[in-house]
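Visitor: Before we start, here is the structure in question, set down as structure tokens.
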Amino acid sequence: GENVEQHPSTLSVQEGDSAVIKCTYSDSASNYFPWYKQELGKRPQLIIDIRSNVGEKKDQRIAVTLNKTAKHFSLHITETQPEDSAVYFCAARRSGGSNYKLTFGKGTLLTVNP
Amino acid sequence: DVKVTQSSRYLVKRTGEKVFLECVQDMDHENMFWYRQDPGLGLRLIYFSYDVKMKEKGDIPEGYSVSREKKERFSLILESASTNQTSMYLCASSFRDFRGGYTFGSGTRLTVV
């Protein structure tokens, strides 16, 4: 089955700096890659996703890049703010009509220091 | 406006008890999922369902079963609770084509003593 590796497990940055979280996946048939943010005590929420026909996607201060050849994708957060502090999860989904599930990475705890 | 609701936020049960965790969604999603979340292990899939009465095992189904009798409701059952099932349980739902991604419930913190 699919395996998703996520690095680093913890990341601490100063407010205003950029943060990058990287994920690799094992199944070359995967074609959907979402990122979720989970604030302390709250549910994970989708913040951005990318499909395999696109190499990069941006939404204000966050962006995701995908390298299908190398089977890795990354989350980039620019101009970090204290409210960006949370656990971030990457995930991958295999293409195909009967593939309904996401496989998640183990998460990255991002701390933005004021 | 909560769209995926889990019946309990905190639950304490005794070893050997049968435990029911309920999840209801009002988003008309076809897919529903149960994950458990443990520190350092991320989100691990227990079971999922892509249609009423349909279910498939995830990565860690042992000790669990599920029921989906109606489209909006997906139940997770611990047949005989054990201490190693102490965890945060997260329900999620999605459209079949994954547009909009998963919507998660708030989670149930289950402690088995």
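Visitor: For the range B:27-44, which residues satisfy the criterion of being free of Cβ contacts under 8 Å to residues at least 60 places away in the same chain, over 15 Å from B:Gln85 (Cβ atoms) and either outside any loop (DSSP other than H, G, I, E, B) or touching a helix residue (DSSP H, G or I) at 6+ places or on another chain (Cβ under 8 Å) (or both)?
Guide: B:Gly42, B:Leu43
Visitor: Now a separate question. Please work out which residue is farthest from the chain's Cα centre (by Cα), limiting yourself to the range A:85-105 and to residues that are more than 18 Å from B:Leu45 (Cβ to Cβ) and crowded, with 21+ Cβ neighbours inside 10 Å.
Guide: Here is the first cut: in the range A:85-105, the residues more than 18 Å from B:Leu45 (Cβ to Cβ) are A:85-86, A:88, A:97.
From what's left, crowded, with 21+ Cβ neighbours inside 10 Å: A:86, A:88.
Details: A:Ala86: 12, A:Tyr88: 6 Å.
For the range A:85-105, the residue satisfying everything is A:Ala86.
Visitor: Additional query: Have a look at A:Thr78, A:Thr108 and point out the one that is more than 9 Å from chain B (Cβ to nearest Cβ) and buried (at least 18 other Cβ atoms within 10 Å of the Cβ). Outline the logic, then answer.
Guide: Numbers: A:Thr78 fails: buried (at least 18 other Cβ atoms within 10 Å of the Cβ).
From the options A:Thr78, A:Thr108, the qualifying one is A:Thr108.
Visitor: Further, regarding this structure: Check B:Val12, B:Val24, B:Val112 and return the single one that is touching a helix residue (DSSP H, G or I) at 6+ places or on another chain (Cβ under 7 Å), of a type outside the set (D, E, K, R), more than 17 Å from A:Arg93 (Cβ to Cβ) and away from every other protein chain (no Cβ under 14 Å).
Guide: On the way: B:Val12 fails: touching a helix residue (DSSP H, G or I) at 6+ places or on another chain (Cβ under 7 Å); B:Val24 fails: touching a helix residue (DSSP H, G or I) at 6+ places or on another chain (Cβ under 7 Å).
Every option except B:Val112 fails the conditions.
Visitor: Could you check how many residues of the range A:1-45 are of a type in the set (A, V, I, L, M, F, W, C), outside any loop (DSSP other than H, G, I, E, B) and either at the interface with chain B (Cβ under 10 Å from one of its Cβ atoms) or within 19 Å of B:Asp97 (Cα to Cα) (or both)?
Guide: Let us first name the residues in the range A:1-45 that are of a type in the set (A, V, I, L, M, F, W, C), namely A:4, A:11, A:13, A:19-21, A:23, A:29, A:33, A:35, A:40.
Among the residues that remain, those that are also outside any loop (DSSP other than H, G, I, E, B) are: A:4, A:11, A:13, A:19-21, A:23, A:33, A:35.
From what's left, either at the interface with chain B (Cβ under 10 Å from one of its Cβ atoms) or within 19 Å of B:Asp97 (Cα to Cα) (or both): A:4, A:33, A:35.
Counting residues in the range A:1-45 that are of a type in the set (A, V, I, L, M, F, W, C), outside any loop (DSSP other than H, G, I, E, B) and either at the interface with chain B (Cβ under 10 Å from one of its Cβ atoms) or within 19 Å of B:Asp97 (Cα to Cα) (or both) gives 3.
Visitor: Do you know which of the residues in the range A:1-20 that are surrounded by fewer than 20 Cβ atoms within 10 Å (Cβ to Cβ) and closer than 22 Å to B:Cys91 by Cβ is modelled with the highest pLDDT?
Guide: So the residue we want is A:Glu2.
Visitor: Restricting attention to the range A:46-75, and to residues there that are at pLDDT below 95, farther than 16 Å from B:Gly101 by Cα and among the aliphatic types (A, V, I, L, M), which single residue is surrounded by the fewest Cβ atoms within 10 Å (Cβ to Cβ)?
Guide: A:Ala70
Visitor: Filter the range A:21-45 down to the residues that are surrounded by 16 or more Cβ atoms within 10 Å (Cβ to Cβ) and of a type in the set (A, V, I, L, M) and list them by number.
Guide: A:Ile21
Visitor: Identify all residues within the range B:55-109 that are assigned to a loop (DSSP other than H, G, I, E, B), without any contact (Cβ under 8 Å) to a residue 40 or more places away in the chain and more than 10 Å from every other protein chain (Cβ to nearest Cβ); write none if there are none.
Guide: The answer is B:Lys55, B:Ile60, B:Pro61, B:Glu62, B:Gly63, B:Thr86.
Visitor: As an exercise: evaluate B:Met32 against (1) aliphatic (A, V, I, L, M); (2) more than 9 Å from chain A (Cβ to nearest Cβ); (3) exposed (fewer than 14 other Cβ atoms within 10 Å of the Cβ) and give the number of the one condition it does not meet.
Guide: (3)
The values are calculated or read from the model by the stated rules, or taken from the named source; none is laboratory data. In this text, all values refer to a predicted model and were calculated from it rather than measured experimentally. Virtual Cβ from ideal backbone geometry, glycine too; neighbours counted across all protein chains shown.
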